[in-house]
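Written below as C-alpha cells is the structure these notes are about.
The values are calculated or read from the model by the stated rules, or taken from the named source; none is laboratory data. The model shown is predicted, which means the values in this text are computed figures rather than measured ones. Cβ coordinates were reconstructed from backbone atoms using ideal geometry, including for glycine residues, and neighbour counts include every protein chain displayed.
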Amino acid sequence: MNVRALFNTLGTRSYSLPIVILYVTSGCNLKCVMCSYRDPHPNELSLAEIRDLAEDLRALGLRHIVYSGGEPLVRKDFPEIVRCFSGLQVRQTILTNGLLLEKRMREVDGFFDEVIVSIDGPNPLIHNSIRWIPRPTPSNWWWMTASTRAPLIK
Ligand code: SF4
C-alpha cells in the first residue's frame, strides 16, 4: 500500500483515487434483452485521449482500473489501452461477455489481475437466450465458464 492509500484509511478524506471504471466503448457484439448498448458512441475517447487520461489518473494516485462497456474487447485498440495503464502499477480488471476472449487472448495476455465474465442463468440455454447468442451451444457456455483461466492473468 502506498502512503497516499494508507492516508485514505485514516479518515473520511481521500488522498488517492481508489478505483476508476472506464467505459471504453458503448459498442457490443451481443444484444442482451436487459441492455441498450449496441453501437460505439461517435464521441468515444480516442487512444490519445485515454493516454492523457491515464497520466491524469496517475497524478491522482489511481490504484485500480476497471474496463467496461459495451464490450471492451470489440475495440480494436483495446490492447494499447491496457498498455496505457500497465505502466502505472495499478490493479487491472476487465468486465467482458467472454465471446472474444479466445480470439483476442494473445493480445491481452498477462495484463489483468481479474477477468470477470458475465453469466446469466444456470445453463447455456437460459444464458444464451437472455444474451441473444444466435446458436446456443454448450461450447459457448464451456468457454465462458472456463475463460478466466490463468494465461490472461498476471
Ligand atoms: S454483453 Fe453487456 S454491454 Fe453487451 S449487450 Fe449484453 S449486457 Fe449490454
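Looking across segment 47-90, the residues that are farther than 28 Å from Asn8 by Cβ and more than 13 Å from the ligand (Cβ to nearest atom) come down to Leu47, Ala48, Lys76, Asp77, Phe78, Pro79, Glu80. Quick check: is even one residue across segment 34-46 within 16 Å of the ligand (Cβ to nearest atom), in a loop (DSSP other than H, G, I, E, B) and touching a helix residue (DSSP H, G or I) at 6+ places or on another chain (Cβ under 7 Å)? Checking segment 34-46: not a single residue is within 16 Å of the ligand (Cβ to nearest atom), in a loop (DSSP other than H, G, I, E, B) and touching a helix residue (DSSP H, G or I) at 6+ places or on another chain (Cβ under 7 Å). The residues listed here are Arg13, Arg4; of these, the one that is over 30 Å from Ile119 (Cβ atoms), more than 15 Å from the chain's Cα centre (by Cα) and part of a helix (DSSP H, G or I) is Arg4. Of all residues in segment 100-128, those that are within 15 Å of the ligand (Cβ to nearest atom) and among the polar types (S, T, N, Q) total 2. Pairs needed: first member in segment 47-73, modelled with pLDDT of 95 or more; second member anywhere, among the small types (Gly, Ala, Ser) and within 16 Å of the ligand (Cβ to nearest atom); C-beta distance under 6 Å; at least 6 residues apart or different chains. Between residues of segment 47-73 that are modelled with pLDDT of 95 or more and residues that are among the small types (Gly, Ala, Ser) and within 16 Å of the ligand (Cβ to nearest atom), the close pairs are Gly70/Ser26; Gly70/Gly27.
Would you say Tyr37 is touching a Cys at 6+ places or on another chain (Cβ under 6 Å) and modelled with pLDDT of 90 or more? Yes; evaluated as a whole, the condition is true for this residue. Does any residue in segment 104-128 that is over 27 Å from Pro79 (Cα atoms) come within less than 7 Å, Cβ to Cβ, of a residue that is aliphatic (A, V, I, L, M) and part of a helix (DSSP H, G or I) six or more places away or on a different chain, and which pairs are these? Note: pairs meeting the criteria are Gly121/Ile130.
Kindly establish whether Pro151 is modelled with pLDDT under 80, under 17 Å from Cys28 (Cα atoms) and surrounded by fewer than 19 Cβ atoms within 10 Å (Cβ to Cβ). So Pro151 does not fit the description; no. Just one of the numbered conditions (1) free of Cβ contacts under 8 Å to residues at least 60 places away in the same chain; (2) within 15 Å of the ligand (Cβ to nearest atom); (3) not small (Gly, Ala, Ser) is not true of Asn97: (1).
Among the residues of segment 101-110, are any surrounded by 18 or more Cβ atoms within 10 Å (Cβ to Cβ), touching a Lys or Arg at 6+ places or on another chain (Cβ under 9 Å) and at pLDDT below 90? Within segment 101-110, not a single residue is surrounded by 18 or more Cβ atoms within 10 Å (Cβ to Cβ), touching a Lys or Arg at 6+ places or on another chain (Cβ under 9 Å) and at pLDDT below 90.
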